[in-house]
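These notes are about the structure you will find just below.
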Amino acid sequence: MKNLMKEYTVTADNVEATVKIFQEPADYVPTYGLIFPEIKSATEAVMDQIRDELITKLKITGREILDPEAMERIKKNFMDISQELVKKYLPSLDKKKQMSLAGRLVHQMFGLGKIELLLKDDDLEEIVINSSREPVWVYHKEFGWLKTNITLRDEEEIYNFASQIGRRVGRQITNLNPLMDAHLISGDRVNATLFPISTQGNTLTIRKFARNPWTIIHFIDPKVNTLSKEVAALLWLAIQYELNIIIAGGTASGKTSLLNALTPFMPPNHRIISIEDTRELQLPDFLHWVPMTTREPNPEGKGEVSMLELMVNSLRMRPDRIIVGEIRRQRQAEVLFEAMHTGHSVYSTLHANTADEVKRRMINPPISLPPSMLEALHLTCIQFRHRRLGVRRTFQLAEVIPQITRSGEGMTVDMNVLYRWSPREDRLIQSRDSVRIMDEIQMHTGMSEKEIFEDLREKQRILQWMLENNIKTVNTVGKVIADYYKDREMALERVRKNMKPKDIFSQELLNEMRARGLIK
């Protein structure tokens, strides 16, 4: 007998489906069932006729395919024409069913079919097609990997989806170029491979871009328990006083999510340049932010814009803060650390599982930085994904301590782990006192150690107040922090009086909170 684990609805372009997550007794993995209302065979025949008529009515040029705004206009036009034709040929259906059928036509002819519903499910992080011989798989935030009840018709359909995605962002996948990294217009990252490179069949992997990205308040929420208020306040202090931070961790450990959550701590009067392979960061609307993304070469090998070129160019744009998606190569790391040494505040991510591994990866091939360059880095924060429990935790927060070698002729660095995650207690515990961070802040601000600790306590109170009042959107969290920089006493007075969101935010920000279900 099936064990129903969760049930909810998802909607995309007026198409509504029920999601049922259940465990079959004979299966090792739960099933993600996507259930649609059935369409009668007579209705299906009419839909085929409408589909043929749509093809003749709508023409798309190559230039429009590469323009996201033009494609949005075409999609809307496509939806309007579909609704008119469904109403014309199926007048007896109620309006809701007509709109649903029109939406299905849009998904079939303009999108990725049933995959469009999966893209609208905010509980999914990953959508994976391994071949047409097995069902689509998804990674659910609550239940981990699930197999779905969706299968693709054949390998040709998978290829068509990959080709369609590639065309819209100027990429190409063929037998001569059987690997493709691309992204959807929505920002979701896409990787595709073709048979026989992937021996079971053509594949498509979609890593979903967070529509409503997590803020630092999500991370400190006891229900999530990724980060403590103490560590969040320390990271806030470090960013406020322009210290350099690298966030490290394994695949899908939450590196970019934490990096994004830390960006509202940057003052609104600072110019921020972000450099990514695929746009993932979402900063508060009012920050002085210039997002930049790399570009792959065209089929002739021309037109590439690399991360290194963008990093070098960003130094000519008078940035106060530079955010780099990920350090991968030696020259990227060199430019990044040169930026630190020339007075820019830099934040980036790196694949490494511990603070010591960050050090080893930096000074050994393929990055091979001289240890003396690491002196410019102040903090490294390590993220950890507990696969068995399906949770993410901040594993370590460590400061970088420069040390003169015994010979006195060179320099090395040590990692002083300030906080580490205790698996037994499932919380971050302080392991050592800061040696460098407190000294640097005292040196640059004139604050005493007592004043620094009072500042950290203030920040913890503000974070706790936001948590208690469900202030969790990028723009509302950003506004609270920007107000703190503008008028610290006013910001603290709000906390002391426990003021509510309706007394602080504009109607637009309140509507944003209501749409997320954070306030009524």
Answer residue from segment 30-51, given it is small (Gly, Ala, Ser) and closer than 30 Å to LYS2 by Cα and is surrounded by the most Cβ atoms within 10 Å (Cβ to Cβ) among those: GLY33
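From ILE127, ILE150, which residue is closer than 15 Å to VAL19 by Cβ and surrounded by fewer than 21 Cβ atoms within 10 Å (Cβ to Cβ)?
Values: ILE127 fails: surrounded by fewer than 21 Cβ atoms within 10 Å (Cβ to Cβ).
Every option except ILE150 fails the conditions.
Output the helices (runs of 4 or more DSSP H) that fall wholly within segment 385-491 and possess 2 or more residues being among the hydroxyl-bearing types (Ser, Thr, Tyr) and under 30 Å from GLU512 (Cβ atoms), or say none. Quick ask: steps written out before the conclusion?
Numbers: elements: 437-445, 449-468, 474-486.
It comes to 474-486.
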When segment 419-475 is examined, which residues are found to be touching a Lys or Arg at 6+ places or on another chain (Cβ under 6 Å) and assigned by TED's automatic domain parsing to the domain that holds VAL400? TRP421, SER431
Quick one: how many residues across segment 192-225 are over 16 Å from the mean Cα position of the chain (by Cα) and either surrounded by fewer than 16 Cβ atoms within 10 Å (Cβ to Cβ) or part of a loop (DSSP other than H, G, I, E, B) (or both)? 14
Hey, which of the strands (runs of 3 or more DSSP E) in segment 284-359, taking only ones fully inside, have at least 3 residues that are of a type in the set (S, T, N, Q)? 345-351
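The values are calculated or read from the model by the stated rules, or taken from the named source; none is laboratory data. All figures in this text were calculated on a predicted structure; none of them were measured in a lab. Ideal geometry is used to build each Cβ from the backbone, glycine not excepted, and the neighbour counts take in all protein chains shown.
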